[in-house]
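One structure is given below, encoded as structure tokens.
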Amino acid sequence: MNKIGQAISEIQSLETLSKEDRWVNRLHPLSKLFLTVFYIAVTVSFPKYDLSGLLVMALYPAAVFLVSELSFKDALRRLRVVLPLVAAVGILNPFFDREVVLTIGSVQVWGGVLSMLTLMIKAVLTVLSGYLLIATTPIEKICYALRIIHIPKVFVVVVLLIYRYVTVLLQEARRITQAYALRAPGQKGVHYKVWGSLLGQMLLRSMDRANDLYDSMLLRGFDGEFHTGAKEKLKPSDFLWPVLWGAIIILLRLFPVAELLGGLFL
């Protein structure tokens, strides 16, 4: 299976995970969306040198992985392209901030090293929280939750269609690359001289496919309002889950839990 086929398979497997019958999946999408946004906002609010406090924030994604029975190894495998990019945002900090802020024995730690690690952990935790939201909630229900809080329907429809039909674009790219491979056996990859013509063909084929999809939507009564699903009633668990974890996240942010636990054991 080539890289395009692997990307299509990853998207389809992620959709399958979001539709499984688990307790976390059955929670109201609005509660999960609110909790994810709140967690990301609190996580990025930590000071650049507060590494110990930030590490404790990993409690929430770890708990969701356990409750939802999702594989952490599979999550890292699916995010193997994104995580190195987001983790490299502070890679140059040690070269600009050389003030000694911590001494461990005879080792002096620069502020740039701490801020680099803090930025990397923030990026990893926020990406993992977004992954957990997508892996436990179908995209239609996420868009439904966005409409509940009155996000403009144009934005919601664009997000939904991009996510839904990126697979269509990948399938067109796979057909073109497979056709090229059949006409150029033994050649590794696509020769740079035909990149322009193949991209033009993919653009034209995608436009034709988009017109067919739009005609199908019109025949099914599409009038600009994309109905993302039936209305769901909030259950007691839908309130308990975000309130409980919201309180825990606030406590982790306001109090140095890592230092208190370290002092207790030491």
Revision key, fill the gap. To the nearest 10 degrees, the tilt of helix 59-68 (Cα long axis) against the first principal axis of the alpha carbons of the chain is 50 degrees
Check your understanding: Ordered by residue, what ³J(HN,Hα) values in Hz, to whole numbers, does region 237-246 give under the Karplus form 6.51 cos²θ - 1.76 cosθ + 1.60, where θ = phi - 60° and Gly and Pro are x?
Key -> 5, 5, 7, 5, 4, x, 5, 4, 6, x
**Study point:** Gyration tensor (alpha-carbon) shape descriptor, the chain, a/c threshold 1.5
**Key:** oblate
**Study point:** Charge context of Arg209, other residues only, Cβ under 14 angstrom, K/R +1, D/E -1
**Key:** 0
Practice item. Treating the angle as unsigned and between 0 and 90°, give the value, to the nearest 10°, between the Cα long axis of helix 153-183 and the longest Cα principal axis of the chain. Key: 60 degrees
Review point. Give me the Kirkwood hydrodynamic radius of region 108-155 in Å, from all C-alpha pairs, to one decimal place?
Key: 13.3 Å
Check your understanding: In terms of the Cα gyration tensor, with a ≥ b ≥ c the square roots of its eigenvalues, is region 108-266 rounded because a/c is under 1.5, prolate because a/b exceeds b/c, or oblate?
Key -> oblate
Exercise for review: Could you point to the residue in Leu33, Ser45, Gly112 farthest towards the positive end of region 33-134's charge dipole, with +1 and -1 charges on the Cβ of Lys/Arg and Asp/Glu respectively?
Suggested key: Leu33
Revision key, fill the gap. Computed from the beta carbon distance with a Förster radius of 30 Å, FRET efficiency for Ala41 and Leu170 to the nearest 0.05 stands at 0.40
Practice item. Please say if region 2-56 is rounded, prolate or oblate, where rounded means a/c under 1.5 for a ≥ b ≥ c the square roots of the C-alpha gyration tensor eigenvalues, and otherwise the choice is prolate for a/b larger than b/c and oblate otherwise? Key: oblate
Review point. Dipole of the chain, Cα-centred, from +1 at each Lys and Arg C-beta and -1 at each Asp and Glu C-beta, to the nearest 20 debye?
Key: 600 debye
Practice item. Choose one of Ser129, Leu14, Phe96: the residue whose Cα lies farthest towards the positive end of the charge dipole of region 1-146 (beta-carbon charges +1 Lys, Arg; -1 Asp, Glu; about the Cα centre). Key: Leu14
**Study point:** Lysine pairs within region 76-235, Cα separation less than 22 Å, 8 or more sequence positions apart or different chains
**Key:** 6
Exercise for review: Rounding to the nearest 20 debye, state how big the charge dipole of region 28-116 is about its Cα centre with +1 on each Lys and Arg Cβ and -1 on each Asp and Glu Cβ.
Suggested key: 280 debye
**Study point:** 5 Å-binned pair-distance histogram of region 57-117 (Cα, whole percent)
**Key:** 4, 16, 14, 15, 15, 13, 13, 8, 2
Review point. Which trypsin sites (Lys or Arg not before Pro) in region 138-243 pass both tests, a DSSP loop state and at most 16 other beta-carbon atoms within 10 Å?
Key: Lys188, Arg220, Lys231, Lys233
Study note, to complete from the structure: Rounded to one decimal in nm, the spacing of the 7 Å Cα→Cβ label points at Arg209 and Asp74 is 2.5 nm
Point to revise | Cross-link partners of Lys48 among aspartates and glutamates (Cα-Cα below 18 Å; sequence separation of 8 or more within a chain) | key: Asp97, Glu99, Glu259
Review point. For q = 0.09, 0.16 Å⁻¹, what log10 I(q)/I(0) does region 1-113 give under the Debye formula with an equal point scatterer on each alpha carbon and no solvent?
Key: -0.39, -1.00
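Every number here is computed from the coordinates shown, using simple stated rules; none is lab data. Owing to the predicted nature of the structure, the values given are computational and were not obtained by experimental measurement. All Cβ positions, even for glycine, are placed from backbone atoms using ideal geometry, and neighbour counts span all protein chains on display.
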